[in-house]
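In what follows, a structure is listed as structure tokens, so that the remarks can point back to it.
The values are calculated or read from the model by the stated rules, or taken from the named source; none is laboratory data. Remember, it's a predicted structure, so these values are computed and weren't measured experimentally. Methodologically, a virtual Cβ is constructed for each residue, glycine included, from the backbone with ideal geometry; neighbour enumeration extends over all protein chains shown. With ligands, DNA and RNA removed, areas are computed over all heavy atoms of the protein, side chains included. Shrake-Rupley method; radii C 1.70, N 1.55, O 1.52, S 1.80 Å.
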Amino acid sequence: MQVISVFNQKGGCGKSTTCSNLGAYLARHGKKVLLIDMDPQANLTVSVGVNDDELEETIYTLLQLNSKELTRERILEVMKETSYERLLILPSDITLSNAEISLASVMSREHVLKRIIEQIGDYFDYVLIDCPPSLGLLSVNSLVASDYLIIPVTPQFFSIKGIKHLMETYTLIKDTLNPNLEIMGVLVTMYDKRKNIAKDIRTTLVEVFGDKVFNTVIRQDVQIEYSQDNQTPIIYYNDKCRSHEDYKNLGREVLAWQRV
Ligand SMILES: Nc1ncnc2c1ncn2[C@@H]1O[C@H](COP(=O)(O)OP(=O)(O)O)[C@@H](O)[C@H]1O
Ligand SMILES: [Mg+2]
């Protein structure tokens, strides 16, 4: 099993989009995939067709349980099936925003999500965690529970500035709470080849991260937004658009990826 956090404290860089579409690809190719929505905005939850307004229990329910209460059965009660085979989700809703405060006083508060995944991880090939756009306890829990990071970056000047901060967080977590953590890859998203800045920033990222930049670039594509409006991953929504091709290529890279 590989646990992968899709992480960048910047909002709007394609985290949730990458989580749902990569997850759908991996599930379609025979892998058992669990999505975990760690963002109170619940974009990931909604994008795979689960209605966040109707949920009685969410990942927040589980984050509040003590270790005795946190059983496999209890976790399976909260887990939801999606319309897609082998693709399951621990959903979120706005109540998850309470977690930053309620977790603060809990013993080993950085390890709560890790304990949840340990209970059920053996059932899945991939666990994909969608992180919130912040560096609080929800993100720290995600990083502590993960083997790998995928870091989506939009080709804008401010993204490069944010990366420095992100790397400090990564290094801190790796040095203290999770030495196992590795960057799988930096993923350029919403790429528009007509903009020179886009090319420059990809070049800069390759200089900094070397072969840890995915070969695949996710291009800007309005079909992504249509697919999300329809709560359908792009590979099921439109098989002739460029974002379908791009997420397929990313999926292949992730399937082939091995820790060196
Ligand atoms: N490749 C793309 N082309 C066009 N729009 C995109 C693309 N990827 C994401 N978007 C749009 O950009 C917005 C932010 O993406 P999202 O995945 O929600 O970012 P994050 O989770 O990092 O906040 C969403 O409205 C989404 O529909
Ligand atoms: Mg998001």
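For segment 84-99, the tally of residues that are surrounded by 13 or more Cβ atoms within 10 Å (Cβ to Cβ) and either more than 15 Å from residue 58 (Cβ to Cβ) or aromatic (Phe, Trp, Tyr) (or both) stands at 3. On the stretch given as segment 26-59, residues that are within 16 Å of ligand 2 (Cβ to nearest atom), surrounded by fewer than 24 Cβ atoms within 10 Å (Cβ to Cβ) and not in a loop (DSSP other than H, G, I, E, B) total 3. Do we have any residue at all in segment 72-87 that's within 16 Å of ligand 1 (Cβ to nearest atom) and part of a loop (DSSP other than H, G, I, E, B)? The answer is no, given that none of the residues of segment 72-87 is within 16 Å of ligand 1 (Cβ to nearest atom) and part of a loop (DSSP other than H, G, I, E, B). Taken over segment 1-24, the criterion of being near ligand 1 (Cβ under 8 Å from one of its atoms), closer than 17 Å to residue 253 by Cβ and open to solvent by 20 Å² or more (accessible area, probe 1.4 Å) is satisfied by 17 alone.
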